1. Let me confirm something: among Val179, Val125, Val134, Val143, which residue is surrounded by fewer than 20 Cβ atoms within 10 Å (Cβ to Cβ) and either in the same structural domain as Thr24 (by TED's automatic domain parsing) or touching a helix residue (DSSP H, G or I) at 6+ places or on another chain (Cβ under 7 Å) (or both)?
2. Do any residues in region 252-269 that are in contact (Cβ under 8 Å) with a residue 40 or more places away in the chain have Cβ atoms under 7 Å from those of residues that are surrounded by 21 or more Cβ atoms within 10 Å (Cβ to Cβ) and assigned to a helix (DSSP H, G or I), where the two are at least six apart or on different chains, and which pairs are they?
3. Among the residues of region 160-186, which ones are among the polar types (S, T, N, Q) and either in contact with a His (Cβ under 7 Å, 6 or more places away or on another chain) or not in a loop (DSSP other than H, G, I, E, B) (or both)?
4. Can you name the number of the only condition in (1) assigned to a loop (DSSP other than H, G, I, E, B); (2) surrounded by fewer than 19 Cβ atoms within 10 Å (Cβ to Cβ); (3) among the hydrophobic types (A, V, I, L, M, F, W, C); (4) not assigned by TED's automatic domain parsing to the domain that holds Gly138 that Val221 fails?
5. Whether any residue in region 200-216 is under 19 Å from Pro82 (Cβ atoms), among the polar types (S, T, N, Q) and in contact with a Lys or Arg (Cβ under 8 Å, 6 or more places away or on another chain) is what I want to check.
6. Are any residues in region 3-21 at negative phi and either exposed (fewer than 10 other Cβ atoms within 10 Å of the Cβ) or of a type in the set (Lys, Arg) (or both), and if so, which ones?
7. Thr206 is checked against (1) in contact with a helix residue (DSSP H, G or I) (Cβ under 6 Å, 6 or more places away or on another chain); (2) in the same structural domain as Pro81 (by TED's automatic domain parsing); (3) not acidic (Asp, Glu) and fails just one. What number does that condition carry?
8. Taking Val235 and the conditions (1) crowded, with 18+ Cβ neighbours inside 10 Å; (2) touching a residue at least 40 places away in the same chain (Cβ under 8 Å), which numbered condition does it fall short on, given that it satisfies the others?
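The values are calculated or read from the model by the stated rules, or taken from the named source; none is laboratory data. No experiment lies behind these values; they were computed from the predicted model shown. Glycine also receives a Cβ, built like all others from the backbone with ideal geometry; neighbour counts cover every protein chain displayed.
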Amino acid sequence: MIKTTEQDSNYRHLEKMSTQKLLTNMNQEDQTVPQAVQKVIPQIEALVDDISDKLLAGGRLFYIGAGTSGRLGILDASECPPTFGVPHELVVGLIAGGDQAIRKAVEFAEDSPAQAWDDLKAHNVSGKDVVVGVAASGTTPYVIGGLKACQEAGITTGCITCNAASPLEAVADYPIVCVVGPEFVTGSTRMKSGTAQKLILNMISTAVMIKIGRVEDNKMVNMQLSNHKLVARGVKMIMVATGVSETIAREMLLATNSVKKAIDQLNQK
């Protein structure tokens with residue numbers, strides 16, 4: 001049986017299409033992805049609730065993957081500290097082939113079923129943590145081997161895949177199986193499958209950060225003030241939350257280096 005992600009594209013002779021037709025057809029395919037994600041919200045919910053409990057109890061979240069899937073996990077993990085002000089080690093992304101594989105493909109790195117466990121052990125993974133494997137195909141040895149080893153060690157596991165009844169699903173306590181159908185370019189899972197994975201990762205990390213108290217109202221009050229744009233955003237948040245002038249808001253923000261601290265201190269006056 002051919003995996004859904006490897007099925008032949010619904011479109012033929014792409015090289016003969018006009019640019020407009022190429023883009024229109026890709027866009028039409030992309031519009032089906034959010035609908036596929038909507039169907040797996042209950043599975044995402046279960047994983048988010050478990051991750052939140054683990055993080056509140058002192059645990060961490062790990063993503064493991066290869067190729068596009070690995071890069072998406074690293075992207076999601078790397079955005080948590082600046083967006084929500086959490087330590088870099090709270091959400092960790094690991095990719096087959098190591099950091100060099102983020103920019104350039106490392107041949108056959110994903111074929112080792114033992115490497116992910118070695119990579120996780122280097123971070124002292126434990127039963128307090130949650131490990132989520134990301135693999136569109138659901139057959140990547142690096143990811144399957146990592147989750148299997150985690151289960152044997154009593155570590156909670158989850159997965160994001162785009163093929164039903166895959167080997168990866170079988171080793172995940174919380175499987176998220178988002179079937180998006182054949183890719184526009186046959187087998188190119190960086191397209192619809194990658195989009196689905198990105199949407200789900202966004203949902204997981206954002207919901208978790210809200211549940212562990214890193215967002216107040218609808219504001220990123222714990223964001224890192226790493227550039228002028230974010231400082232300006234922080235000043236506006238303080239003004240709206242406290243009613244003070246821009247001058248006072250800016251002075252307090254620069255003094256505390258934290259939107260949350262600035263708001264708390266101003267509200268105490």
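1. Among Val179, Val125, Val134, Val143, only Val179 is surrounded by fewer than 20 Cβ atoms within 10 Å (Cβ to Cβ) and either in the same structural domain as Thr24 (by TED's automatic domain parsing) or touching a helix residue (DSSP H, G or I) at 6+ places or on another chain (Cβ under 7 Å) (or both).
2. Listed pairs, sorted by first residue: Val259/Gly234; Val259/Met237; Val259/Ile238; Val259/Leu253; Ile263/Ile238.
3. Scanning region 160-186 gives a single hit, Thr161.
4. (2)
5. Among the residues of region 200-216, not one is under 19 Å from Pro82 (Cβ atoms), among the polar types (S, T, N, Q) and in contact with a Lys or Arg (Cβ under 8 Å, 6 or more places away or on another chain), which makes the answer no.
6. Residues satisfying the conditions are Lys3, Arg12, Glu15, Lys16, Ser18, Thr19, Gln20, Lys21.
7. (1)
8. Among (1) crowded, with 18+ Cβ neighbours inside 10 Å; (2) touching a residue at least 40 places away in the same chain (Cβ under 8 Å), Val235 violates only (2).
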